[in-house]
1. Can you compute 3J(HN,Hα) from phi for each residue in segment A:6-14, using the Karplus curve 6.51 cos²θ - 1.76 cosθ + 1.60 with θ = phi - 60°, rounded to whole Hz and x for Gly and Pro?
2. Taking loop as defined by DSSP and a crowding limit of 16 other beta carbons within 10 Å, which chymotrypsin sites (Phe, Trp or Tyr not before Pro) in segment A:40-82 fit?
3. Run the reach check for B:Lys38 against lysines, Cα to Cα strictly under 24 Å, same-chain hits fewer than 8 apart removed. What comes back?
4. Could you tell me the relative contact order of chain B? Use alpha-carbon pairs under 8 Å, at least six residues apart, and round to a whole percent.
5. What residues does segment B:81-108 have that are buried by at least 50 Å² of accessible area in the full protein assembly compared to the chain on its own, 1.4 angstrom probe?
6. Once you put a point 7 Å from the Cα of B:Gln69 and another 7 Å from the Cα of A:Asn101, both along the Cβ direction, what distance in nm separates them?
7. Between B:Thr9 and B:His97, what is the label-point separation in nm under the 7 Å Cα-to-beta-carbon projection?
8. HN-Hα J couplings of segment A:33-45 from phi, Karplus 6.51/-1.76/1.60, θ = phi - 60°, integer Hz, Gly and Pro as x?
Amino acid sequence: DTAVSQTPKYLVTQMGNDKSIKCEQNLGHDTMYWYKQDSKKFLKIMFSYNNKELIINETVPNRFSPKSPDKAHLNLHINSLELGDSAVYFCASSHPFMGANYGYTFGSGTRLTVV
Amino acid sequence: AQKVTQAQTEISVVEKEDVTLDCVYETRDTTYYLFWYKQPPSGELVFLIRRNSFDEQNEISGRYSWNFQKSTSSFNFTITASQVVDSAVYFCALSTHNTDKLIFGTGTRLQVFP
């Protein structure tokens, strides 16, 4: 059983299109995240949700809209895709901070290529 | 502000050499966690270790060891007798009590040659 699964693994699309990336976790975690890894491998948080509530929104263009239908799912919708959106997007979930099992579990990533 | 610095962009070693990856962090929070992740060429992020700010004990796991020193705000990672399979990008990361998110360093690319 995959703990954090995201689909698709690869996504190639043209500029201007709208696309979604889905993420699901079966770990029972309350908090989920989206991270972006750019071409230089730099990883930066985009959003976090705790039990369906938006907690962190890190200076991300409005074209990016996360949606959490329940605490096990956090999807990322991107409108009007631009070349600069090409990156690897990682979904993650975490145990409560300071808990004995605190830590982050990452999905395998979605490589988005905008052409 | 929180920050993680991995000054070594790329390290190349020959198999069986020992190698240390440096990590320096900045935070004003007294409660925080430090992490190391490995990203092999396949691209996934593999968790290696978590250390909390109250526990300065060094840790050893097989060929891997970690040296946490609060006095120098460092959390260095040593691979003993490196192997080709250790070739990857290694990330050090920080999370704090006030910011429930991982702040990553820029990563160190380790290449181990046979």
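1. 10, 9, x, 7, 10, 8, 10, 8, 8
2. On the way: sites: A:Phe42, A:Phe47, A:Tyr49, A:Phe64; in loops: A:Phe42.
In loop regions of segment A:40-82 (DSSP not H, G, I, E or B), the sparsely surrounded chymotrypsin sites (Phe, Trp or Tyr not before Pro) are A:Phe42.
3. Candidates past the 8-residue exclusion: A:Lys9, A:Lys22, A:Lys36, A:Lys40, A:Lys41, A:Lys44, B:Lys3, B:Lys16, B:Lys70, B:Lys101.
4. On the way: 280 pairs, mean separation 43.9, N = 114.
Here the relative contact order equals 39 percent.
5. B:Asp100, B:Lys101, B:Leu102, B:Phe104
6. Going by the 7 Å Cα→Cβ label model, 3.6 nm.
7. Computed distance between label sites B:His97 and B:Thr9 equals 3.8 nm.
8. Ordered by residue, 3J(HN,Hα) equals 9, 10, 10, 10, 10, 7, 5, 8, 6, 6, 9, 9, 5 Hz.
The values are calculated or read from the model by the stated rules, or taken from the named source; none is laboratory data. Just so it is clear, the model here is predicted, and its values are computed rather than measured. As a convention, Cβ positions derive from the backbone with ideal geometry for all residues, glycine included, and neighbour counts pool all protein chains shown. Surface areas here come from the heavy atoms of the whole protein model, side chains and all, with no ligands, DNA or RNA. Shrake-Rupley method; radii C 1.70, N 1.55, O 1.52, S 1.80 Å.
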